Amino acid sequence: MEIIKFLQTAGIVAYPLLAFSLVAVALIIERLYYWFRVNRHQRKFVRQVFIQYEEDPLLAIKLLKEKAYLPIAKIFLEALELNNPNTDEFRLALDSATQAEIPTLKRFSTVFETIISVSPLLGLLGTILGLIKSFAALELGAAGESVSTNVTGGISEALVSTVMGLVVAIGTLLFANLFRSFYRRQLAFIQEYNGQLELIYRLKNEQGQDYANSR
């Protein structure tokens, strides 16, 4: 009942703001779950893949497929599953797979930006509507409890809608910045280990060529 009363106090803009808040909460939960899965033991897993790859590339590919939900695993698989690529083709496969993975890492960023931008504007709209309601209730020479109630109600609508807009925008902004930092760190992580995998592949390729030449 208190929530319904609060929404009624905020006026018509309360409903789109409520919708924005529900969408933001749902997407935040999804992104938190995604980044929790990605960041958990990821560095240790990649080192394990490198060790397996130097000993048996097929076992390394099998290990990557078991963790295919990880961005780094999908990127590595794109390169490692090529049929005897040269070093340039191997690097190109890593770079292309990295670019293809970026939209997944930045998923819902546009929605978050929209909510952050529009919510304060809706709050401002509610403020204006509330003030219009208050001024409309003021009549020259009129006095009484009903006029006072309408004026107070308009002011309440103006203040509550502003608060709602700011709360939705600020809450979403905090999490959007958190996810942006996760994205930047993940991209740096991918670039770092792409380089290490390319170096390992180059060394294995050169060793194979030296062995073939020695025969």
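What follows is calculated from the coordinates using simple rules that are stated; it is not laboratory data. Everything quoted here is computed from the prediction, not taken from an experiment. For neighbour counting, all protein chains shown are included, and Cβ atoms are generated from backbone atoms with ideal geometry for every residue, glycine included.
Quick notes
- Cβ-based exposure ranking for Ile102, Ile116, in which fewest neighbours within 10 Å come first: Ile102, Ile116
- Global dimensions of the stretch 1-111 from alpha-carbon coordinates: Rg and Dmax equal 21.5, 68 Å.
- Inter-site label distance for Ser117 and Asp95 at 7 Å from Cα along Cβ, in nm: 3.1
- Over 20 Å between alpha carbons, listed pairs Lys44/Lys65; Lys65/Lys106; Lys44/Lys204; Lys44/Lys74: Lys65/Lys106; Lys44/Lys204
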